[in-house]
Every structure is written in structure tokens, then in C-alpha cells.
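As C-alpha cells, the structure follows; a few thoughts come after it.
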Amino acid sequence: MAANSSVDIFTKVMETQLLKTAKIMEEQLDAELGKLDKVDEDELERLKERRLEALKKAQQQKQEWLSKGHGEYREIPSEREFFEEVRESKNVVCHFYRDSTFRCKVFDKHLTVLAKKHIETKFLKLNVEKAPFLCERLRIKVIPTLALVKDGKTKDYIVGFTDLGNTDDFAMETLEWRLGCAGIINYSGNLMEPPFQNQKKHGTNFTKLDKKTIRGKAYDSDSEDDD
């Protein structure tokens with residue numbers, strides 16, 4: 001009897017000890033999980049704060065662009081305004097046009113849409129008859145020509161429609177792609193190829209553009225001047 005009693009006592013002690021150990025382990029596990037939950041909550045809160053800060057900065061940037069005339073395709077009256085406009089904006093597209101040149105109206109149509117879509121870039125137009133000094137300085141000989149200005153310096157030109165498939169019926173997406181190749185807009189597509197749908201639609205053979213091709217363009221392009 002005494003032996004059985006000793007066994008029962010030992011068993012109860014072991015059970016009690018095991019229960020205490022299990023409880024301690026459970027409490028430790030709960031504590032660790034609690035720490036993980038807190039870390040996750042803190043991290044989510046920090047992510048939320050960073051996101052809100054980014055949105056705030058983006059909105060402030062948008063308002064600054066709008067205050068400088070971004071978001072619309074505008075005509076400037078003279079050469080003096082050109083220098084003022086490009087000085088205050090990082091990215092500028094300026095269309096040098098002539099009223100009597102039909103192809104200028106094609107650019108007008110597309111640039112009106114792109115100005116609203118790419119608010120990060122300023123879109124302007126200037127009548128070449130009011131800017132003889134500027135046209136000579138930039139060596140603009142073919143109308144229409146788009147001057148692409150970055151950080152106050154003219155970095156690239158789109159002369160006529162040569163880079164746009166040599167067709168008056170090029171799609172707006174093709175011009176958007178070409179501006180993206182020049183880094184003058186924030187382009188979300190594939191810069192390595194022109195828009196696929198436009199190639200198929202027009203049956204046009206586009207050539208890939210690299211930086212040397214873009215910046216080494218001759219200003220006496222074969223693009224046709226309608227005058």
C-alpha cells in the first residue's frame with residue numbers, strides 16, 4: 001500500500017510540474033506573439049504615415065506644376081516668354097509652328113491631350129514668325145518641330161513626323177512613346193519598342209531609338225514642310 005501511495009504522489013507531482021511547465025511555455029509563447037503583433041502594428045502604422053506623406057508631397061508637387069502653367073497646352077506670344085517658361089520648369093515641350101502648315105494642327109491635337117495626361121511636363125507652342133532669333137539659335141528649319149527642353153537646356157528635337165512613322169495619321173501613343181524615349185515625360189510603357197498596336201495599325205516600320213540616335217538628329221530632316 002505504501003508503495004502504491006508513493007507512486008500516486010509522484011505521479012501527481014509530475015502532472016503538476018508538467019502543467020506548470022506547459023503554462024509557462026504558453027505564457028512565453030503568448031508574450032512572443034504579442035510582441036510580433038505589436039511589431040506588425042507599428043510597421044503598418046509607419047507604412048501608413050509614409051504613404052500619407054508621399055501623397056501629401058505629390059499633391060504639393062501637382063499644385064506647384066499647375067501654378068507654373070502645367071496641365072494645359074498653351075501658346076506663348078514671344079521669344080522672351082519662352083526663356084521665362086523653360087527657366088521655371090524641369091521638363092518642357094515647345095511646338096514651333098506656322099498657321100499655314102497643316103501638320104502643325106496634327107501636333108496641336110495630340111499635345112492638347114498629352115498636356116493633361118502628363119502634368120509633370122509643360123507643353124507650349126510658339127509661332128515661328130514671332131521668334132526668328134530663337135529659331136536661328138536652335139537651328140529650327142523644318143516646321144513643325146518640337147523642342148524638348150530639360151533643366152533649361154534643349155536636349156532633343158522631334159523634326160516633322162520622321163520619328164513617328166512618317167505618316168500624318170500617327171497615333172497619340174506613338175508621340176507619347178517618342179517623348180518618353182527623350183526622358184521628357186514619365187512614360188509607363190516599354191521604351192524599347194514603339195506601341196505595338198500602332199505598328200500593326202499603320203503597317204509602319206519603326207526603328208528603335210537609342211540616346212545617340214535621339215540626340216544626334218540632324219536638324220535639316222527630310223520631313224516635309226507644307227509651305
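The values are calculated or read from the model by the stated rules, or taken from the named source; none is laboratory data. Bear in mind the structure is a predicted one, so any value in this text is a computation, not a measurement. Cβ sites come from the backbone with ideal geometry, for glycine too, and all protein chains shown count toward neighbours. Quick note on the areas: whole protein, heavy atoms, side chains included, nothing else; ligands and nucleic acids left out. Shrake-Rupley method; radii C 1.70, N 1.55, O 1.52, S 1.80 Å.
At-a-glance table
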quantity: Qualifying residue in region 199-221 (condition: open to solvent by less than 20 Å² (accessible area, probe 1.4 Å) and either among the polar types (S, T, N, Q) or modelled with pLDDT of 50 or more (or both)); calculated: no
quantity: Set GLU45, GLU85: member being free of Cβ contacts under 8 Å to residues at least 24 places away in the same chain, farther than 22 Å from VAL142 by Cα, in a helix (DSSP H, G or I) and of a type in the set (Asp, Glu); calculated: GLU45
quantity: Output for region 75-109, where each listed residue is touching a strand residue (DSSP E or B) at 6+ places or on another chain (Cβ under 6 Å) and open to solvent by 50 Å² or more (accessible area, probe 1.4 Å); calculated: GLU75
quantity: Members of region 99-119 found to be touching a Phe, Trp or Tyr at 6+ places or on another chain (Cβ under 9 Å) and polar (S, T, N, Q), listed by number; calculated: THR112
quantity: The lone exception for ALA147 - which of (1) touching a helix residue (DSSP H, G or I) at 6+ places or on another chain (Cβ under 8 Å); (2) modelled with pLDDT of 95 or more it fails; calculated: (1)
quantity: Search result, residues across region 156-180 that are under 15 Å from HIS118 (Cα atoms) and aromatic (Phe, Trp, Tyr); calculated: TRP177
quantity: Meets criteria (closer than 27 Å to SER67 by Cα and buried (at least 19 other Cβ atoms within 10 Å of the Cβ)) for TYR187; calculated: no
quantity: Search result, residues across region 62-80 that are assigned to a helix (DSSP H, G or I) and touching a residue at least 40 places away in the same chain (Cβ under 8 Å); calculated: LYS62, TRP65, LEU66, GLU79
